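Following: one structure in structure tokens, then a few remarks.
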Amino acid sequence: MRTSLIYRNGTVYEVLMRGLYGRHYTARYRAIAELVPAGASVVDLCCGPATLYTRYLRRESVDYTGLDLNERFVARVIEAGGQGKVWNLHSDEPLPAADYVIMQASLYHFLPEPGPVIDRMLAAATAQVIVAEPVRNLATSDNPVLATIGKRFTDAGDGEQAHRFTERTLDEFFAAYGPRVVRQSLIAGGREKLYVLTA
């Protein structure tokens with residue numbers, strides 16, 4: 001599987017993400033972890049190197065399953081004591097059921113039609129769906145050098161992703177789920193926007 005450098009090694013991924021988010025790096029995970037009660041079941045889509053689990057949810061004894069296209073990241077989940085599955089989220093296969101179904105910083109992978117993956121998340125969740133998505137991105141920077149870097153390091157194994165959400169376009173997308181939205185707020189110093197939907 002051909003991937004960008006950032007997706008080839010969990011440590012490299014975390015170092016680059018820390019550089020991108022700076023002092024807000026831990027806050028982006030805490031904002032989600034605080035929504036998940038101890039002992040709950042969680043399915044984490046595009047889980048990456050399982051940072052949400054290993055640093056925040058594992059100590060709360062959650063029943064955690066991480067899904068990712070990247071075999072290395074899935075192996076890391078399993079090594080950390082969670083359940084992990086290699087999963088192509090572009091397929092129509094129903095997602096595993098859980099109290100909370102989470103996706104962080106990955107909805108852009110499903111543009112221009114992210115609705116089907118959100119619908120599958122809602123079908124799988126018994127309590128809530130939690131989505132946090134970047135709304136300030138390198139890929140949409142006015143600086144052409146930064147924009148090129150942002151676009152070229154986004155291949156998680158299914159091709160580079162040039163398109164991103166802004167806060168406006170993300171709000172417009174979730175407006176279709178209005179009755180289900182119980183919370184929306186900017187997190188991580190305004191770099192991401194959090195949406196919580198009832199299942």
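The values are calculated or read from the model by the stated rules, or taken from the named source; none is laboratory data. Only a predicted model underlies this, so the values are computations on that prediction, with no experimental measurement involved. Using ideal geometry, Cβ is built from the backbone for each residue, glycine included, and neighbour counts are taken over all protein chains shown. Surface areas here come from the heavy atoms of the whole protein model, side chains and all, with no ligands, DNA or RNA. Shrake-Rupley method; radii C 1.70, N 1.55, O 1.52, S 1.80 Å.
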Inset, instruction - May I ask you to list pairs of residues, at least six apart or on different chains, whose Cβ atoms are under 7 Å apart, with the first in region 176-194 being touching a residue at least 24 places away in the same chain (Cβ under 8 Å) and open to solvent by 40 Å² or more (accessible area, probe 1.4 Å) and the second being part of a strand (DSSP E or B) and charged (D, E, K, R)? - result: L186/K193
Legend entry - Per-region count, region 90-125, residues open to solvent by 20 Å² or more (accessible area, probe 1.4 Å), in a loop (DSSP other than H, G, I, E, B) and touching a residue at least 60 places away in the same chain (Cβ under 8 Å): 1
Inset, instruction - Give me a count of the residues in region 22-43 that are in contact with an Asp or Glu (Cβ under 9 Å, 6 or more places away or on another chain), open to solvent by 10 Å² or more (accessible area, probe 1.4 Å) and either within 24 Å of E93 (Cα to Cα) or modelled with pLDDT under 95 (or both). - result: 2
Inset, instruction - Filter region 62-72 for residues that are at pLDDT 95 or above and open to solvent by 50 Å² or more (accessible area, probe 1.4 Å) and give the result. - result: D63
Legend entry - Matching residues in region 56-107 - criterion: being over 30 Å from T169 (Cα atoms) and of a type in the set (G, A, S): S61, A75, A80, G81, G82, G84
